[in-house]
1. Name the residue from L153, I37, T6 whose Cα lies farthest towards the positive end of the charge dipole of the chain, charges +1 on Cβ of Lys and Arg and -1 on Cβ of Asp and Glu.
2. Using a Förster distance of 30 Å, how high is the FRET efficiency between K222 and R46, based on the Cβ-Cβ distance and rounded to 0.05?
3. Ranked by Cβ crowding within 10 angstrom, fewest neighbours first, how are S225, S10, S65 ordered?
4. Tell me the label-point distance for the pair T200, N54, using the 7 Å Cα-to-Cβ offset, in nm and rounded to one decimal.
5. May I ask for the net charge around N2, where only other residues with Cβ less than 13 Å from the Cβ of N2 are counted and Lys, Arg are +1 while Asp, Glu are -1?
6. Would you look at the GNM of the chain, springs on alpha carbons closer than 10 Å, and say which of L43, L68, L109 moves the most?
7. Please give the contour-minus-distance gain from H135 to A152: 0.36 nm per residue of separation, less the Cα-Cα distance, rounded to one decimal in nm.
8. If I take every Cα pair under 8 Å that is 6 or more residues apart in the chain, average their sequence separation and divide by the length, what percent do I get for the relative contact order?
Amino acid sequence: MNVLITGNSSGLGLGLTKRLLAQDAIVWGMSRSGCPIHDDDGLRDRKVDLGNLNAIEEAMDRLMSDCLRLDLLVLNAGILGRIQEMHTTDVHDLEHLYRVNVWANKMILDWFIERRIPVEQVIAISSGAGHNLSHGWGGYAMSKSSVNDLIALYAHEMPDTHLTALAPGLVDTGMQDYLCEDVDADEFPSVQKLKDARGTDAMPSPDESAEQILGLLDTLKKGDSGQFVDVRTMND
Ligand SMILES: NC(=O)c1ccc[n+]([C@@H]2O[C@H](COP(=O)([O-])OP(=O)(O)OC[C@H]3O[C@@H](n4cnc5c(N)ncnc54)[C@H](OP(=O)(O)O)[C@@H]3O)[C@@H](O)[C@H]2O)c1
């Protein structure tokens, strides 16, 4: 299996990388700090800041030069930004958040389309936050909503690829450190649910979440391409 995962230095992306390497997949990865796995011949990794859109094409050219086809592209890299009200959020911070969470994904999809490199399945990691639009989740929620739209739009342009915008549910990663430890639930009540979920089955580890997502790939392909799917509704 040939797989490209963005944001594989930590959290869910690292969990997916570990699971796929254990299944003898070839995994290409991109992140700023680099994947911490150094002893696996199946891993090709490149340090790149996906917030620098000018760097992406060259990074893809260098990283993916030996790739003739992909079975799976996981557009996972993402940043949360701060939980704060929209009217106090600097528009330049929003711009940066959109570059990483939305436009980098567009550029990576374009890279494959322009080079006519077949991609069987795309999973863009979205979030329930894009639907909930809760108080304080401003830029992140908007960017994930835009990821859902981006995937729906690219489904028209990639008829031979199956695309899904997938909300993974709560995953116990670095993002949750900030949400559960630093955000005041009195000011932003939606984070109380996360604090309550931490340490329970409602917030699995990145490895457990990765296993769940990889187990859903075939089922997802049976649905329409371009859809938003929340893993929590698939388990109902
Ligand atoms: N954790 C949750 O409960 C949850 C829920 C819903 C959705 N998600 C989504 O799941 C995805 C993975 O997040 P996570 O929870 O695993 O958090 P994480 O541990 O913070 O992982 C984020 C990954 O994205 C990479 N990344 C961030 N900015 C980047 C940049 N400018 N250039 C390249 N790579 C960058 C990070 O690598 P570097 O820092 O090394 O660059 C890291 O590998 C995100 O899209 C997130 O929105 C998470």
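Each value in this text was obtained by applying a stated rule to the coordinates, not by laboratory testing. Fair warning: this is a prediction, and the values are worked out from it, not measured in the lab. Glycine also receives a Cβ, built like all others from the backbone with ideal geometry; neighbour counts cover every protein chain displayed.
1. Of L153, I37, T6, it is L153.
2. 0.35
3. Details: S225 20, S10 16, S65 8.
Ranking S225, S10, S65 by Cβ neighbours within 10 Å, fewest first, gives S65, S10, S225.
4. About 4.9 nm, to one decimal.
5. -2
6. L68
7. Taking 0.36 nm per residue and subtracting the Cα distance, the gain is 3.6 nm.
8. On the way: 421 pairs, mean separation 48.0, N = 236.
After rounding, I find 20 percent.
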